[in-house]
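Worksheet: one structure, shown below.
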Amino acid sequence: MIIRDMVREDIPEVTAIEKQCFSQPWSEQGFMDGMNAPAVFLVAEEEAVTGYIGMYVSAPEGEITNVAVAKSARRRGCGKALICAMQEWASEHGITRIVLEVRSSNVAAIRLYEKMGFVKLGVRRNFYQFPEEDADIMEFTQ
């Protein structure tokens, strides 16, 4: 598996994974706009894109916007590799704090974030829609 910077040509594959994983997926335009913001997007690639992670940057903080792995590539370390690569990128660029929100029911993601050093700070009530659900706020500090 290779972790690399996302390029515009990856957006159709990334958008397809986004639609598999989220009830309110980002559009191709949303990813293009994100790439123009102060942000970093990484993809995991085997023969095709298997996952991605995005983070908005406002030094010394970063906010992870999305982490997703194609259903066909799950449970093979792709999510862990993406988070690790983003943590390394953050460290190299002076980002000392990374925050994210995750559906409170997404136990697998929460466990992975905890293994990667994130801690729960609190809950945002009714943060998500379709279905309506709380979000756990998590933080990683370097």
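The values are calculated or read from the model by the stated rules, or taken from the named source; none is laboratory data. Computed from a predicted structure; not experimentally measured. Cβ: placed from backbone, ideal geometry, glycine included. Neighbour counts: every protein chain shown. We work out accessible area using only protein heavy atoms, side chains counted, and drop any ligands, DNA or RNA first. Shrake-Rupley method; radii C 1.70, N 1.55, O 1.52, S 1.80 Å.
Carbon and sulfur: what percent of the chain's accessible surface (1.4 Å probe)?
So the carbon and sulfur contribution to the accessible surface is 50 percent.
Do any trypsin sites (Lys or Arg not before Pro) in the stretch 52-136 lie in a loop, going by DSSP, with at most 15 other beta-carbon atoms within 10 Å of their beta carbon, and if so which?
Listed in order of number, the matching sites are R74, R75, R76.
Mind running the shape call on the chain? Use the C-alpha gyration tensor, a ≥ b ≥ c as the square roots of the eigenvalues: rounded below 1.5 for a/c, prolate if a/b tops b/c, oblate otherwise.
Rounded, since a/c falls under 1.5.
In the stretch 48-142, which GluC sites (Glu not before Pro) fall in coil by DSSP and have 15 or fewer other Cβ atoms within 10 Å?
When the GluC sites (Glu not before Pro) of the stretch 48-142 are filtered for loop state and at most 15 Cβ neighbours within 10 Å, E132 remain.
Per residue, how many Å² of accessible area does the chain show with a 1.4 Å probe?
55
Which of Q20, Q29, Q87 ends up with the largest GNM mean-square fluctuation for the chain, with Cα atoms connected below 10 Å?
Q29
With contacts defined as alpha carbon pairs under 8 Å and 6 or more residues apart, what's the relative contact order of the stretch 16-132 in percent?
That works out to 22 percent.
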